[in-house]
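Enquirer: So that we are looking at the same thing, I have put the structure below in structure tokens.
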Amino acid sequence: MRVTIGDPVVAGFAEAHHRQQARYPGGTPPWQPVHTIYVPADRFTSSTVAEWGAQALGLLEEHLPAEALAEVFGVPATLAGEVRARVAAKLATEPVEDLRIDFEDGYGVRPGAEEDTHAEAAAEAVARMHAAGTLPRRWGLRVKSFADGDPARSIRTLDGFLTALGELPPGFTVTFPKVLMEEYLGQFSQVLGRLSQDLGLPELRFEMQVEAPQTLHFLRPELDPRLSAAHFGVFDYTAAIGLPPHEQRLDHPACDHARHVMQTAFAGTGIELSDGSLAASPASSSRHNVHALWRRHAELVRHSLHHGFYQGWDMHPSHLVSRFATVYTFHLATYDKYQARVKAWEERRAAGDGVMDEPATIKTLAAALHRADAALALPSR
């Protein structure tokens with residue numbers, strides 16, 4: 001073929017492409033938890049996870065026969081038996097995928113000596129869980145925000161916990177809340193670097209919380225190399241923009257906007273995204289009230305899933321039932337169809353119903369199947 005400029009050399013391309021690969025590694029994470037539970041530090045013990053699982057399993061057995069899955073969660077009759085069996089097995093073997101021991105909003109402001117005691121007790125409980133094989137696959141602390149004006153308290157709790165723990169089990173992360181100033185991220189990251197070095201620990205990573213409109217302004221791909229995730233905080237965010245109390249909900253359009261900004265900022269970076277929570281529990285132990293709670297929680301979980309947020313917060317044992325039932329239904333309802341479309345593409349033929357998929361859609365289908373496999377699988381202990 002005749003060409004005009006021969007072998008072109010694009011000035012600066014190699015450097016730009018290298019930065020692209022570093023900034024946007026892409027791909028789907030090998031595994032991302034479907035939820036995070038938050039437990040105030042003063043209420044956390046080595047039996048907390050088992051207790052949550054037992055309570056959730058008790059609610060399942062008492063209030064959710066297989067025939068009720070369609071009414072409560074909208075599960076197709078063809079999937080009801082499988083979904084219920086999967087939820088029961090999950091609650092019996094791994095009721096919690098991601099755990100945070102909370103020293104922030106759920107814990108409150110305490111005398112320094114009291115928080116020190118709870119940090120050491122939490123480390124002892126984690127060590128016992130690790131020895132017993134009951135520590136969730138991902139776990140960690142939520143420390144206090146620098147925005148409170150006292151970074152020393154936040155750092156002391158984290159330092160004391162890690163020092164008391166000694167050996168660091170896998171899966172550890174730190175949640176850094178209320179990031180109102182971009183500078184706080186770098187400052188907290190430096191603290192993590194020093195703790196890693198001084199305690200001889202692997203690189204410590206953290207997740208930020210997006211809880212204010214100010215935070216949206218400085219979200220960008222290269223915020224900090226130790227940043228692993230961004231979690232949306234629905235109640236602080238909706239309060240900050242002036243919504244009335246009855247509109248503080250995950251499915252409010254203002255929350256959709258914030259989440260879409262998060263997606264835009266971190267697309268292709270490998271930084272995981274998580275949605276927030278429903279701050280409610282069943283009004284009573286009656287089946288009517290338990291079902292009402294489950295329906296509302298399931299609505300919010302579906303809303304998150306449909307908007308591309310595959311993880312959220314759970315604040316009460318009852319939420320585990322609705323979380324897993326909704327997640328399993330979401331994946332199982334489309335799994336066979338997605339698999340067939342990927343196979344048709346690989347065989348260079350049209351999929352069923354005349355669908356002609358684009359390469360980008362095939363990547364999305366393959367990613368959805370990967371997420372489904374990860375979410376549906378029970379871990380080997």
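The values are calculated or read from the model by the stated rules, or taken from the named source; none is laboratory data. The model shown is predicted, which means the values in this text are computed figures rather than measured ones. Cβ placement follows ideal geometry from the backbone for every residue including glycine, while neighbour counts extend to all protein chains displayed. With ligands, DNA and RNA removed, areas are computed over all heavy atoms of the protein, side chains included. Shrake-Rupley method; radii C 1.70, N 1.55, O 1.52, S 1.80 Å.
Enquirer: State whether the residues of segment 152-170 include one that is of a type in the set (Asp, Glu), part of a helix (DSSP H, G or I) and more than 30 Å from Ser47 (Cα to Cα).
Expert: No: segment 152-170 contains no residue that is of a type in the set (Asp, Glu), part of a helix (DSSP H, G or I) and more than 30 Å from Ser47 (Cα to Cα).
Enquirer: Related question: Scan segment 104-124 and tell me whether some residue there is touching a residue at least 12 places away in the same chain (Cβ under 8 Å) and in contact with an Asp or Glu (Cβ under 6 Å, 6 or more places away or on another chain).
Expert: yes
Enquirer: Considering each of Glu104, Glu67 in turn, give the residue that is among the acidic types (Asp, Glu) and assigned to a helix (DSSP H, G or I).
Expert: Of the residues listed, the single one that is among the acidic types (Asp, Glu) and assigned to a helix (DSSP H, G or I) is Glu67.
Enquirer: While we're on this one: So, in segment 247-276, how many residues would count as being among the small types (Gly, Ala, Ser) and open to solvent by less than 20 Å² (accessible area, probe 1.4 Å)?
Expert: Qualifying residue count, segment 247-276: 4.
Enquirer: Looking only at segment 119-143, count every residue that is buried (at least 21 other Cβ atoms within 10 Å of the Cβ) and either farther than 27 Å from Val34 by Cβ or among the hydroxyl-bearing types (Ser, Thr, Tyr) (or both) and tell me the total.
Expert: Here the count works out to 1.
Enquirer: Would you point out the residue of segment 364-381, among those that are open to solvent by 60 Å² or more (accessible area, probe 1.4 Å) and modelled with pLDDT under 90, that is farthest from Leu305 (Cα to Cα)?
Expert: Arg381
Enquirer: Could you tell me which residue of segment 1-45 is surrounded by the fewest Cβ atoms within 10 Å (Cβ to Cβ), considering only residues that are in contact with a helix residue (DSSP H, G or I) (Cβ under 8 Å, 6 or more places away or on another chain), under 18 Å from Gly106 (Cβ atoms) and not charged (D, E, K, R)?
Expert: Looking at residues that are in contact with a helix residue (DSSP H, G or I) (Cβ under 8 Å, 6 or more places away or on another chain), under 18 Å from Gly106 (Cβ atoms) and not charged (D, E, K, R), I get Thr45.
Enquirer: Given the residues Val109, Val83, which is the only one that is open to solvent by 50 Å² or more (accessible area, probe 1.4 Å) and of a type in the set (A, V, I, L, M)?
Expert: Selected residue: Val109, the only one of Val109, Val83 that is open to solvent by 50 Å² or more (accessible area, probe 1.4 Å) and of a type in the set (A, V, I, L, M).
Enquirer: Does Leu57 meet the test of being free of Cβ contacts under 8 Å to residues at least 60 places away in the same chain and within 20 Å of His316 (Cα to Cα)?
Expert: Taking the combined requirement at face value, the residue satisfies it.
Enquirer: Looking for something in contact with a Ser or Thr (Cβ under 7 Å, 6 or more places away or on another chain), farther than 22 Å from Arg138 by Cβ, modelled with pLDDT of 95 or more and part of a helix (DSSP H, G or I) - is there at least one such residue anywhere in segment 256-278?
Expert: Looking through segment 256-278, none of the residues is in contact with a Ser or Thr (Cβ under 7 Å, 6 or more places away or on another chain), farther than 22 Å from Arg138 by Cβ, modelled with pLDDT of 95 or more and part of a helix (DSSP H, G or I).
Enquirer: Only one of (1) in contact with a helix residue (DSSP H, G or I) (Cβ under 8 Å, 6 or more places away or on another chain); (2) closer than 23 Å to Gly81 by Cα fails for Ala377. Which number is that?
Expert: Condition (1) is where Ala377 drops out.
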